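K.L.:
Next up is a structure, given as structure tokens.
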Amino acid sequence: MQGSANLNIMIKAARKAGRSLVKDFREVENLQVSMKGAGDFVSRADTAAEKILKEELRGARPNYGWLGEETGEEAGEDPTRRWIVDPLDGTTNFLHGLPHWAISIALEHKGEVVAGVIFDAAKDELYWAEKGAGAWMNERRLRVSGRARMIEAIFATGVPFAAKKTLPATLQDLARLMPQCAGVRRWGSAALDLAYVAAGRYDGYWERELNAWDIAAGLILVREAGGMVGPVREGHEPLVHGDILVANTALYEPFAKIIRNT
Ligand code: IPD
Ligand code: CA
Ligand code: CA
């Protein structure tokens, strides 16, 4: 499957930043003795990856706007298009030497995500989707899972760390959901959680208090793989409010009912 010129720019940028992160990831294990040392090293790796992504993406499309986790927002000459970038999603995993983290790049046009790339560089799994062109992982077309029974389904979420105010709500979600499904996973990368729903590995995913860069690329992957995307709180917009709930079409309603407690 051939993507657009913009998609090729996104993939090239993701692979370049991926090489830099993989090199740094190999170093992290040697630094584990001092957590502070490792922490500083990882934030440098993160910043370096964003720098590469910005040079590649803005270099190729200088008139597009920019929203990156590490460098913030910059308006472009073209107010209708912007890149939304998380150079390293799953930072805590990266810091702990766990190979489950990714680069997330989305292209937004007039407020809608029209292309997304999520690159799991440690496993060499490159996920991409473009509006109308389907969702793909390397050479394989992606479809959400076909499971229709809650009791057979596996869901993913992010459990907020202690300081976050959404922790109690998430624990209550788990208390309602866990008795009714086959399991819940918490692997620490919102971008990969969404990519895994698109790939049919997870049957659904929900999380609160995220940022646009965590979910923008994942949203289009799930949609183009035939899944449903909505907010946790009805009336919210995932990209604006940062709460998201996705699943295959058969499970979306029963799953949303449990999470929304309606
Ligand atoms: C985090 C991850 C994690 C989610 C957090 C995010 P980061 O992003 O996506 O899964 O639970 O809320 O902030 O900080 O690793 O880029
Ligand atoms: Ca993130
Ligand atoms: Ca990040």
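K.L.:
Identify, from the list Ala162, Ala175, Ala153, the residue that is at pLDDT below 95 and more than 29 Å from Trp66 (Cβ to Cβ).
P.N.:
Going through Ala162, Ala175, Ala153 in turn, just one is at pLDDT below 95 and more than 29 Å from Trp66 (Cβ to Cβ): Ala162.
K.L.:
Oh, and also: Which of the strands (runs of 3 or more DSSP E) found entirely inside region 1-112 contain at least 1 residues meeting this: surrounded by fewer than 19 Cβ atoms within 10 Å (Cβ to Cβ) and not assigned by TED's automatic domain parsing to the domain that holds Ala216?
P.N.:
Fully inside region 1-112 and qualifying: 72-74, 81-89, 102-109.
K.L.:
Determine whether Ala199 is within 15 Å of the chain's Cα centre (by Cα), touching a residue at least 60 places away in the same chain (Cβ under 8 Å) and within 16 Å of ligand 3 (Cβ to nearest atom).
P.N.:
Judged against the criteria, Ala199 is not a match.
K.L.:
Let me ask something else. Read through the list (1) out of contact with any Asp or Glu (no Cβ under 8 Å at 6 or more places or on another chain); (2) under 13 Å from Leu21 (Cα atoms), then give the number of the only condition that Gly97 fails.
P.N.:
(1)
K.L.:
For region 106-117, check the following and say yes or no: at least one residue is β-branched (Val, Ile, Thr), under 15 Å from the mean Cα position of the chain (by Cα) and within 14 Å of ligand 1 (Cβ to nearest atom).
P.N.:
No, every residue in region 106-117 fails to be β-branched (Val, Ile, Thr), under 15 Å from the mean Cα position of the chain (by Cα) and within 14 Å of ligand 1 (Cβ to nearest atom).
K.L.:
Moving on to the next point. For Gly132, which of the numbered conditions (1) surrounded by 12 or more Cβ atoms within 10 Å (Cβ to Cβ); (2) part of a loop (DSSP other than H, G, I, E, B) fails to hold?
P.N.:
(1)
K.L.:
So the check is Cβ under 6 Å with 6+ separation or different chains; which pairs have a first residue in region 2-17 that's on the phi < 0 side of the Ramachandran plot and a second one that's surrounded by fewer than 19 Cβ atoms within 10 Å (Cβ to Cβ)?
P.N.:
Ile9/Ala60
K.L.:
Would you mind stating whether Ala156 is surrounded by 20 or more Cβ atoms within 10 Å (Cβ to Cβ), in contact with a helix residue (DSSP H, G or I) (Cβ under 9 Å, 6 or more places away or on another chain) and touching a residue at least 24 places away in the same chain (Cβ under 8 Å)?
P.N.:
So Ala156 passes the test.
For (1) touching a Phe, Trp or Tyr at 6+ places or on another chain (Cβ under 6 Å); (2) among the aliphatic types (A, V, I, L, M); (3) within 16 Å of ligand 2 (Cβ to nearest atom), each residue gets a yes or a no:
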residue: Arg58; (1), (2), (3): no, no, no
residue: Asn63; (1), (2), (3): no, no, no
residue: Asp89; (1), (2), (3): no, no, yes
residue: Asn93; (1), (2), (3): yes, no, yes
residue: His109; (1), (2), (3): no, no, no
residue: Val117; (1), (2), (3): yes, yes, yes
residue: Leu126; (1), (2), (3): yes, yes, no
residue: Ala129; (1), (2), (3): no, yes, no
residue: Met137; (1), (2), (3): yes, yes, no
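K.L.:
Consider Glu209 carefully, then state whether it is away from ligand 2 (no atom under 16 Å from the Cβ) and over 9 Å from the mean Cα position of the chain (by Cα).
P.N.:
No, not satisfied.
The values are calculated or read from the model by the stated rules, or taken from the named source; none is laboratory data. No experiment lies behind these values; they were computed from the predicted model shown. Note that we place each Cβ from the backbone using ideal geometry, even for glycine, and neighbour counts take in every protein chain shown.
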